[in-house]
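Scroll down for the structure; my scribbles are underneath it.
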Amino acid sequence: MTVYAYDAGTQGVLAVWPAGVGNRAATVATFGEGTPDALRLLLCDALSTLSEALWDTYVHPASAVADDSDRERWRREQHREAFGEVVEGIRTPNLPDETGTLTASYDAVEAAAHQIGRVLLDIGDGPLVETVIAEVRREMDAVTSAERGDLTGRAVQAVVLDRVDASPVQVQAADALLASDPSGPPELFTAVDPAAACVAAAHWLVAAATVTGAADDREPWTVFAESDTIQACSIEVPSAVVEAVVAEGRAPRAVVLALLSEASTVRRGRVPDPEAVAEQVAAAHRHAERLPPEQRDALLRALLPPRATLLDPLRPSRDLLEHLLDGIRSSAVLYREVALDEWTGDDGSPDDEDDEVERVDGEFVAEVRAEATATHDRLT
């Protein structure tokens, strides 16, 4: 979201938004002389609140709601449709009646717009109203651009948001970045939507695990536990993703969005699937009842999940992307180990081995690219 701040030196409103690496800023309005500092700060706060509400429609789109949650889908659709009421809310905000009662909207976008309008009325600067409306339009346009997959300009802030959906345009952009460097170039974190980057990375992870699994004669989802015996790496998340795609036939997009949705639910203090948790607990207790009392606690600790989600709920998209890229790299580690175990150099010199490592790594990348290309339809 864009944060608005009052610059006392210039008496201006400063808009600051994240740009993947660092932040960008622009002066978007200037207060007239005599405006109380309290009102200047209130306007900045109200603009920040509106920006947060606007970007929430991007992070939690109606398209990401489960099929059986009609009420939640309707709520999110109304939230997004409130964009059309923002300018009118700023121009003619709800005001307290003669009894002091204020009619407030249940919609966060509409409520924030009316709050901006009330602050502007207190300031009493007509030209400032038009300047603020122009700024609000820029922010809404940025959200709309991000929804289309265009992250240029102010829409770049989408790269730091944990969206529970993935733009096909952004998925293809992330796929192109991984095609250029399957280990994951830095631009995955700074130039594309993180959820879309995760979808593309999951596809390339499966390709990498498939190639390494074939080289080591093992199932692709077991690659990471074996690679961990060579070099410490992420196991649980990459294994779960690859098994879901390969063994269960699920699309990378579905697997990624399910993980992100689960983490988003936990972040809001809710249990993603209460019925499943209850069944896990009941099953664990059934198993424990078969053991002597002194052994039951240890079994329960082993059987019950220690976490409500596999991801860090405070940064789920970035966390998932890091796990997926680590899985690609650990696949390369095991592939290299298998190849070098079968290799005997001409003279055993370090230079000879370095050349072989370089050759093997190049071979791995080529095979992964070929596998990713052959299975590219699962990204669509």
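The values are calculated or read from the model by the stated rules, or taken from the named source; none is laboratory data. Note that the coordinates shown come from a computational prediction; the quantities given were computed from them, not determined experimentally. With ideal geometry, Cβ positions are generated from the backbone for all residues, glycine too; neighbour counts draw on all protein chains shown.
Can you find, within segment 41-65, the residue that is nearest to Ala146 (Cα to Cα) among those that are without any contact (Cβ under 8 Å) to a residue 40 or more places away in the chain and of a type outside the set (Val, Ile, Thr)? Among them, the one singled out is Ala62. Out of Leu39, Leu47, Leu54, one residue alone is surrounded by fewer than 18 Cβ atoms within 10 Å (Cβ to Cβ), closer than 30 Å to Leu120 by Cα and not hydroxyl-bearing (Ser, Thr, Tyr). It is Leu39. For segment 3-30, the candidate set comprises residues that are touching a strand residue (DSSP E or B) at 6+ places or on another chain (Cβ under 7 Å) and part of a loop (DSSP other than H, G, I, E, B); within that set, the residue that is surrounded by the most Cβ atoms within 10 Å (Cβ to Cβ) is Gln11. In the set (1) farther than 30 Å from Val360 by Cβ; (2) buried (at least 19 other Cβ atoms within 10 Å of the Cβ), the condition left unmet by Trp221 is number (1). As a summary of the residue check, Ser63 satisfies the conditions (1) small (Gly, Ala, Ser); (2) in a loop (DSSP other than H, G, I, E, B); (3) within 26 Å of Val159 (Cβ to Cβ) except for the one numbered (2). Can you find a residue in segment 74-81 that is within 19 Å of Tyr106 (Cα to Cα) and either in a loop (DSSP other than H, G, I, E, B) or among the small types (Gly, Ala, Ser) (or both)? No, segment 74-81 has no match at all.
For (1) within 23 Å of Ala263 (Cβ to Cβ); (2) touching a residue at least 12 places away in the same chain (Cβ under 8 Å); (3) not assigned by TED's automatic domain parsing to the domain that holds Pro252, each residue gets a yes or a no:
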| residue | (1), (2), (3) |
| --- | --- |
| Gly153 | no, no, yes |
| Ala176 | no, no, no |
| Thr190 | yes, yes, no |
| Asp193 | yes, yes, no |
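Restricting attention to segment 207-238, the residues that are in a helix (DSSP H, G or I), in contact (Cβ under 8 Å) with a residue 40 or more places away in the chain and aliphatic (A, V, I, L, M) add up to 7. What's the number of the only condition in (1) touching a residue at least 60 places away in the same chain (Cβ under 8 Å); (2) buried (at least 20 other Cβ atoms within 10 Å of the Cβ) that Asp319 fails to meet? Answer for Asp319: the failing condition is (1). With Leu310, Leu299 as the choices, which residue is among the hydrophobic types (A, V, I, L, M, F, W, C) and over 26 Å from Val159 (Cβ atoms)? Leu299 is the lone residue from the list that is among the hydrophobic types (A, V, I, L, M, F, W, C) and over 26 Å from Val159 (Cβ atoms).
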